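Written below as structure tokens is the structure these notes are about.
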Amino acid sequence: MTAPVLRPGILDIAPYVGGESAAPGAGRVIRLASNEGAFGPSPRAVAAYRAAADDIHRYPDGHSRALVAALARRHGLDAAGIVCGNGSDELLHLLALAYAGPGDEVLYSAHGFLVYPIAARSVGALPVAVPERALTADVDALLAAVTPRTRILYLANPNNPTGSYLPESALRRLHAGLPENVLLVIDAAYAEFVGAADYISGQEMATEFPNVVMTRTFSKIYALGGLRLGWAVCPPAVADGLHRIRGPFNINSAAQAAGVAALADTGFVGAAVLHNHQARQWFAERLRGLGLTVYPSEANFLLVSFAGWANPETVRQFLKARGILVRQMTAYGLPDCLRITIGRSDELREVVDALSAYPR
Ligand SMILES: Cc1ncc(COP(=O)(O)O)c(C=O)c1O
């Protein structure tokens with residue numbers, strides 16, 4: 001008898017390692033390793049979550065109708081093109097399952113989000129990492145990497161962990177250069193944080209072209225990562241395909257209720273966006289003042305290079321011993337760097353104070 005055999009490619013997957021959430025021995029923990037949103041969720045979302053407890057013996061609405069309607073209203077979209085996922089991670093995986101398989105290639109930029117190569121390999125496709133220019137997706141290099149086997153191009157805009165983005169003109173040039181049978185997946189997980197005037201989330205393109213999808217999440221600006229809630233704007237044929245393969249009840253009832261309530265609390269979101277802009281600038285200036293290299297970021301985190309300053313892993317452990325958790329970047333091919341989430345102002349001050357006291 002032989003044991004069941006994993007499909008080819010699965011053992012080539014480097015398992016995703018999330019940010020740390022505990023600092024044993026430290027009195028309190030400041031969690032700046034997972035871009036979770038500085039203030040936690042809206043109290044209205046928490047109340048809706050609690051209220052949902054009364055009905056958890058019931059299956060959820062398998063079509064998330066109230067949530068889809070709220071998203072359509074909020075973003076000026078046709079509800080028919082919106083597909084919800086158990087986190088946007090699920091949608092990224094479902095897109096790979098729907099459009100790629102053994103012998104196919106899936107493109108992503110070299111320092112792109114690590115779920116893309118995992119999603120590609122999980123369906124037997126080959127992930128192809130395309131070099132970036134100045135830690136930013138390189139449109140020409142991406143287009144040059146397209147082959148007859150290419151099925152999907154995943155692009156995080158802005159990107160995690162670099163914080164860089166492609167402006168509308170570059171995004172449209174990228175799309176225009178792609179063969180029509182290649183699906184462009186614009187992952188706009190951090191869209192709400194972007195201040196740049198030449199940025200678009202991609203929802204316009206997803207409603208304009210049959211080969212563009214935009215994915216979004218409730219995990220960042222809405223700080224509902226624990227509920228696992230994401231959504232996508234899809235052309236009709238893509239939405240149809242995803243609905244056929246998704247779990248029939250993939251969004252639990254508490255997440256649906258909390259999502260609707262979170263969308264309604266526009267004041268909370270506005271304050272979180274404003275804080276992020278101000279705190280990101282303040283934090284970047286302080287870190288640069290310490291002699292560190294801080295890359296420009298349009299998201300709710302900063303990528304910081306410690307090259308020539310100190311060993312980043314030693315710095316990370318130093319911060320962790322003080323209860324401050326930040327993200328290691330070796331898995332992203334950025335071993336000189338750490339990624340630090342824009343937390344509350346008092347938390348960022350503690351990071352600056354700790355780094356100022358670092359014995360170099
Ligand atoms: C670029 C990007 N896309 C998607 C996700 C996943 O979001 P979700 O929590 O909705 O699965 C993340 C989370 O870190 C991300 O950084």
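The values are calculated or read from the model by the stated rules, or taken from the named source; none is laboratory data. Given the structure is predicted, the values throughout are model-derived calculations rather than measurements. All Cβ positions, glycine included, derive from the backbone under ideal geometry; neighbour counts span all protein chains shown. Areas reflect the complete protein model, heavy atoms only, side chains present, ligands, DNA and RNA absent. Shrake-Rupley method; radii C 1.70, N 1.55, O 1.52, S 1.80 Å.
In the list 317, 281, which residue meets the criterion of being closer than 19 Å to residue 165 by Cα and surrounded by fewer than 16 Cβ atoms within 10 Å (Cβ to Cβ)?
Going through 317, 281 in turn, the sole match is 281.
Considering only region 155-167, I want to know if a residue exists there that is more than 18 Å from residue 108 (Cβ to Cβ) and more than 13 Å from the ligand (Cβ to nearest atom).
Yes - at least one qualifying residue is present in region 155-167.
Quick one: which helices (runs of 4 or more DSSP H) lie wholly within region 76-181 and hold at least 2 residues that are buried (at least 24 other Cβ atoms within 10 Å of the Cβ) and of a type in the set (A, V, I, L, M)?
87-99, 115-122
Condition (residue is free of Cβ contacts under 8 Å to residues at least 12 places away in the same chain, assigned to a helix (DSSP H, G or I) and over 26 Å from residue 33 (Cα atoms)) applied to region 203-210: is it met by at least one residue?
Yes, the conditions are met somewhere in region 203-210.
Identify all residues within region 91-108 that are touching a residue at least 60 places away in the same chain (Cβ under 8 Å) and within 15 Å of the ligand (Cβ to nearest atom); write none if there are none.
Listed by number, the residues that qualify are 91, 92, 94, 95.
Scanning region 192-202 for residues that are in a loop (DSSP other than H, G, I, E, B) and of a type outside the set (A, V, I, L, M), which turns out most open to solvent (accessible area, probe 1.4 Å)?
The extreme case among them is 198.
Would you confirm whether any residue within region 183-205 is farther than 30 Å from residue 41 by Cα and over 21 Å from the mean Cα position of the chain (by Cα)?
Scanning region 183-205 turns up no residue that is farther than 30 Å from residue 41 by Cα and over 21 Å from the mean Cα position of the chain (by Cα).
For region 48-75, which positions are surrounded by fewer than 14 Cβ atoms within 10 Å (Cβ to Cβ), part of a helix (DSSP H, G or I) and among the hydrophobic types (A, V, I, L, M, F, W, C)?
51, 53, 66, 69
So is residue 330 farther than 21 Å from residue 188 by Cβ, among the β-branched types (Val, Ile, Thr) and surrounded by fewer than 16 Cβ atoms within 10 Å (Cβ to Cβ) or not?
Judged against the criteria, residue 330 is a match.
Mind checking which residues of region 19-35 are surrounded by fewer than 21 Cβ atoms within 10 Å (Cβ to Cβ) and either charged (D, E, K, R) or within 16 Å of the ligand (Cβ to nearest atom) (or both)?
19, 20, 21, 28, 31, 34
Which of the residues spanning region 28-47 are aliphatic (A, V, I, L, M) and in a loop (DSSP other than H, G, I, E, B)?
Answer for region 28-47, where residues must be aliphatic (A, V, I, L, M) and in a loop (DSSP other than H, G, I, E, B): 29, 33, 38.
Kindly provide the set of residues from region 335-351 that are farther than 20 Å from residue 37 by Cα and crowded, with 21+ Cβ neighbours inside 10 Å, ordered by number.
Correct list: 337 only.
Mind checking which residues of region 208-261 are open to solvent by 30 Å² or more (accessible area, probe 1.4 Å) and of a type in the set (S, T, N, Q)?
Hits for region 208-261 are 252, 253.
For the subset of region 211-261 comprising residues that are among the polar types (S, T, N, Q) and in a loop (DSSP other than H, G, I, E, B), which member is farthest from the ligand (Cβ to nearest atom)?
The residue in question is 211.
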